[in-house]
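The values are calculated or read from the model by the stated rules, or taken from the named source; none is laboratory data. As the structure is a prediction and not an experimental result, all values here were calculated from the model. In this analysis, Cβ positions are derived from the backbone assuming ideal geometry, glycine residues included, and neighbour counts consider all displayed protein chains. For accessibility, only protein heavy atoms count, side chains too; no ligands or nucleic acids. Shrake-Rupley method; radii C 1.70, N 1.55, O 1.52, S 1.80 Å.
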Amino acid sequence: MDFSRLVEFYERLESTTKRLEMREILVELFREADPEEAGLISYMTLGTLHPPYIGIELGMAEKLALRAVRMVTDVDEDRLDREVKAKGDIGTAVETLLAEKKSGQTTLLGGRLTVQNVYAILERITKVTGEGAVDVKVKLLAGILAHASPKEARYILRLVTGKMRLGVADQSILDALSVLYGVEKSVIERAYNITSDIGLVVKVAKSAGIEGLSSIRMAVGRAVKPMLAERLSDSREILEKLGGRGLAEYKYDGERMQIHKDGERILIFSRRQENITSQYPDVQGSCRERIICKSCILECEAVAVDRETGQMLPFQELMHRRRKYDVEKAAKHYPVGLFFFDALMIDGEELIDRSLSYRRKKLSEVLEQNEHFTLTRALEVTDPDTLENFLLHAIEDGCEGLIVKDLSEKSIYRAGARGWLWIKYKRSYVSKLVDTLDLTVIGAFYGTGKRAGRYGTLLMAAYDQATDTFKSICKVGTGFKDEDLERITEMLKPYVVPKRPPRVDSEMEPDVWIQPSFVLEIIGDEITLSPIHTAARGLLQRNAGLAIRFPRFTGKYRLDKSPEDSTTVEEVVEMYRSQLKRVEEGRGEAT
Ligand code: ATP
């Protein structure tokens, strides 16, 4: 496919905020592309070149990209800078200037770019390393720009700087595939959830159809999307949901890790499928030593532990491990314990369709355990009193609460799904809203006074799974230290967009809209009905949604969560209901 043809689709995608229309455009696009191209297009449309676990990101500095622009056209440097500032987008700025040039004298070569050659060059750009790498990258970029039309240049520049911002998410692509092939989305989702590779799924669907997709298997080295838990606040209800019996496990407060072992090679993937292996040399070491099988995919929670006492430390301590440099030193200063809770594959045997008891038995067989390299503490429970008592133990031991898991034969590992096979049970529910919410930033308001020049308040959203949208739930301006605001303003810069992103649902208009990208942990005093916010609008009361009263930033940046992992509207409704119930029962502090 010519790149110019892809650009026509991109322009159409950009000109609509209607999700159905976007889906139709994607259907048309994938129908037209051949299998190989369709795979590459699916990455590019999401603004990347690979699945997340490969760990190679686009994101050339704008300054360098502009250097490449100046190599192929004689636009004035100041003018270029001004235009980029004015437009707030390198893509349209360069397009405008190139279009002016082209209508006068043609300095560019012109010629046909194909999807494949644009992809190949972008990939080379990400891979160049070593001395002189920067110059080589700039030259490679100049090389394609020399053949690009102004419109093509718009998207090439956005892609290479990591700011594609088409408003298309992986789920939008899966939706389009299900329409294209006339099948239930779940068939396609399965393949995606066990591979986390949108390009692979699209390519296989195009080349081998739906049967091809069902033959896709899990593989060591390819991150699997995590199974997630629902939450309930009542021990009786939990047991009822699970048919009277469950395995209550400590819910450790750390970072989820998916460990892939292939002989001596250990890979570690985060909750959102990023490759975090290099941050944890100590974990690699202990896994090499203490996992006794040839190959496997296991899951555990890594928790910071006190060097002296060996006791578990709060989640925040793990933040010291999020670094690129001095990892060895950090590993010594901030050691972690690993608490294993699942096995997805061992020595080629796929386990995700087996029961929890079977998986846990297999898991125990391959772990050489010690105090800090062990199975999660667990207890089989059949009555509410025992469950409540075990919760108190978990809390006393430094955990967040429990995850109570289904023990029946149907207790498979449901990759990428939040369901009732696992139920979170936390202490938070015994008082007012002391539980935190993980919310996505969708907009920002400029600060005033001491906060001038930075964002002072953020508009936050919960994720609505049913409609795949982000619904506003509060404006938060407290709890931020000066350095937080500095950092957040910088972090958000690349995600500022000129109009409301298509997947955002908010009636409140912030000073700037933000493409959903960052999740922050927020705590509040209570959840209230709100005439302004759109979360759960109309679900509990006509014309009212839910909002968080007196929200505060807790200081936790949930960089381990993608926007789709935010607290869901459904969860907020559940939290609101249990809050009401407590007040009714006279247990809440409100009465
Ligand atoms: P939270 O924000 O409360 O950590 P979450 O949205 O990340 O939750 P949930 O599905 O709500 O994910 O809870 C499961 C998470 O709890 C897992 O992602 C994992 O990181 C953590 N966890 C800790 N202990 C366990 C355990 N024993 N079994 C499963 N998950 C556990």
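State the dimensionless ratio Rg/Rh of the chain (Rg: radius of gyration of Cα atoms; Rh: Kirkwood radius). Mind showing how you got there, number by number?
On the way: Rg = 25.1 Å, Rh = 25.8 Å.
Rounded to two decimals, Rg over Rh is 0.97.
Which length gain, in nm to one decimal place, applies between residue 135 and residue 184 when the Cα-Cα distance is subtracted from 0.36 nm times their residue separation?
Gain on extension, residue 135 to residue 184, equals 12.8 nm.
Give me the count of lysine pairs in segment 107-210 whose alpha carbons sit under 29 angstrom apart, restricted to pairs 8 or more positions apart or on different chains.
For segment 107-210, the number of qualifying lysine pairs is 19.
State the number of lysine pairs found in segment 437-587 whose Cα atoms come within less than 22 Å, restricting to pairs 8 or more positions apart or on distinct chains.
16
Under a Cβ-only charge scheme (Lys and Arg +1, Asp and Glu -1), can you give me the dipole magnitude of segment 228-426 about the Cα centre, in debye to the nearest 20?
640
Size of the dipole of segment 437-587 about the Cα centre, Lys and Arg at +1 and Asp and Glu at -1 on the beta carbon, nothing else charged, in debye to 20?
The dipole magnitude comes to about 360 debye.
What are the extents of the Cα atoms of segment 437-587 along their three principal axes, listed from largest to smallest and rounded to whole Å?
47, 32, 29
With unit charges on the beta carbons (Lys and Arg positive, Asp and Glu negative) and the dipole taken about the Cα centre of segment 228-426, which residue among 316, 297, 275 sits farthest to the positive side?
275
Dipole of the chain (Lys/Arg Cβ +1, Asp/Glu Cβ -1, origin at the Cα centre): which of 142, 327, 518 lies farthest to the positive side?
142
Over segment 438-591, what relative contact order in percent results from Cα pairs under 8 Å that are six or more residues apart? Provide the component values of the computation, followed by the final result.
Working: 332 pairs, mean separation 39.8, N = 154.
After rounding, I find 26 percent.
According to the Cα gyration tensor, what semi-axes, each the square root of 5 times an eigenvalue, does the equivalent ellipsoid of segment 214-336 have, listed from largest to smallest in whole Å?
Sorted largest first and rounded, they come to 28, 22, 13 Å.
Which aspartates and glutamates have a Cα lying under 13 Å from the Cα of residue 63, excluding residues fewer than 8 positions away in the same chain?
Leaving aside aspartates and glutamates fewer than 8 places away in the same chain, those within reach of residue 63 are 77, 78, 81, 89, 135.
Across every pair of different alpha-carbon atoms, what Kirkwood hydrodynamic radius in Å does segment 153-290 reach? Please report the intermediate quantities before stating the final value.
Numbers: mean 1/r = 0.0543 Å⁻¹.
Radius from the Kirkwood sum: 18.4 Å.
Note down the magnitude of the dipole of the chain about its Cα centre, charges +1 on Lys and Arg C-beta and -1 on Asp and Glu C-beta and zero elsewhere, to the nearest 20 debye.
It works out to roughly 940 debye.
In the chain, with Lys and Arg counted as +1 and Asp and Glu as -1 at Cβ, which of these residues, 86, 476, 343, has the Cα nearest the positive end of the dipole, that is, farthest along it?
So the residue furthest toward the plus end is 86.
Could you work out how much longer the chain between residue 410 and residue 482 gets when fully extended? Use 0.36 nm per residue separation minus the Cα distance between them, nm to one decimal. Intermediate values should be presented prior to the final figure.
Numbers: separation 72, 0.36 × 72 = 25.92 nm, distance 5.01 nm.
Length difference between fully extended and current span is 20.9 nm.
Apply the Karplus curve 6.51 cos²θ - 1.76 cosθ + 1.60, θ = phi - 60°, to the phi angles in segment 533-540 and return the couplings in whole Hz, x for Gly and Pro.
The phi angles translate into 7, 9, 4, 6, 3, x, 6, 9 Hz.
For segment 188-307, what is the relative contact order in percent, using Cα pairs closer than 8 Å and at least 6 residues apart in sequence? Kindly include the intermediate steps, with their values, before the conclusion.
On the way: 136 pairs, mean separation 27.9, N = 120.
RCO, segment 188-307: 23 percent.
Mind jotting down the three principal axis lengths of segment 385-467 based on Cα atoms? Whole angstrom, largest first.
57, 34, 19
Describe numerically, in nm with one decimal, the distance between label points set 7 Å from Cα along Cα→Cβ at residue 350 and at residue 208.
Result for the modelled spin labels: 1.1 nm.
For segment 228-426, what class follows from the C-alpha gyration tensor (a ≥ b ≥ c being the square roots of its eigenvalues): rounded when a/c is under 1.5, otherwise prolate if a/b is larger than b/c, else oblate?
It comes out oblate by the Cα gyration axes.
Place a point 7 Å from Cα of residue 99 in the direction of its Cβ. Which residues in segment 134-163 have their backbone N less than 17 Å from it?
Residues passing the 17 Å test: 148-158.
For residue 28, project a label point 7 Å along Cα to C-beta. Then give me every residue of segment 161-190 with its amide nitrogen under 15 Å of that point.
Inside the label zone: 180.
Divide, for segment 14-110, the radius of gyration over alpha carbons by 2.2 N^0.38 Å, where N is the residue count.
On the way: Rg = 17.0 Å, N = 97, 2.2 N^0.38 = 12.5 Å.
Its radius of gyration relative to the 2.2 N^0.38 Å reference: 1.36.
Taking every DSSP beta bridge that has both residues in segment 228-426, what percent is antiparallel when rounded to the nearest 5?
Antiparallel bridges: around 85 percent, rounded to the nearest 5.
Rounded to the nearest 5, what is the percent of antiparallel bridges among the DSSP beta bridges in the chain?
Counting DSSP beta bridges with both partners in the chain, the antiparallel share is about 85 percent.
Leaving out ligands and nucleic acids, note down the accessible area per residue over the chain with a 1.4 angstrom probe, in whole Å².
For the chain, the solvent-accessible area averages 43 Å² per residue.
Note down the nm distance, to one decimal, between modelled labels 7 Å out along Cα→Cβ at residue 371 and at residue 278.
Using points 7 Å along Cα→Cβ, the separation is 3.3 nm.
Please list, or write none, the lysines whose alpha carbon is within less than 18 Å of the alpha carbon of residue 241, excluding same-chain residues fewer than 8 places away.
Hits, sequence-local ones excluded: 405, 410, 424, 426.
If I model a spin label at residue 490 and residue 467 as a point 7 Å from the Cα along the Cα→Cβ vector, what separation in nanometres do I get?
Here the answer is 3.6 nm between the modelled labels.
Pulled fully out, how much extra length does the chain show between residue 112 and residue 541, if you take 0.36 nm times their separation in residues and subtract their Cα-Cα distance?
Gain on stretching residue 112 to residue 541: 148.8 nm.
Please work out, to two decimal places, the log10 of the ratio I(q)/I(0) at q = 0.14, 0.21, 0.25 Å⁻¹ from a Debye calculation in which every Cα of segment 515-579 carries one identical scatterer.
Evaluating at q = 0.14, 0.21, 0.25 Å⁻¹ gives log10 I(q)/I(0) of -0.44, -0.94, -1.17.
I'd like the per residue volume of the convex hull spanned by the Cα atoms of segment 322-406, given in cubic angstrom.
For segment 322-406, the hull spanned by Cα atoms encloses 147 Å³ per residue.
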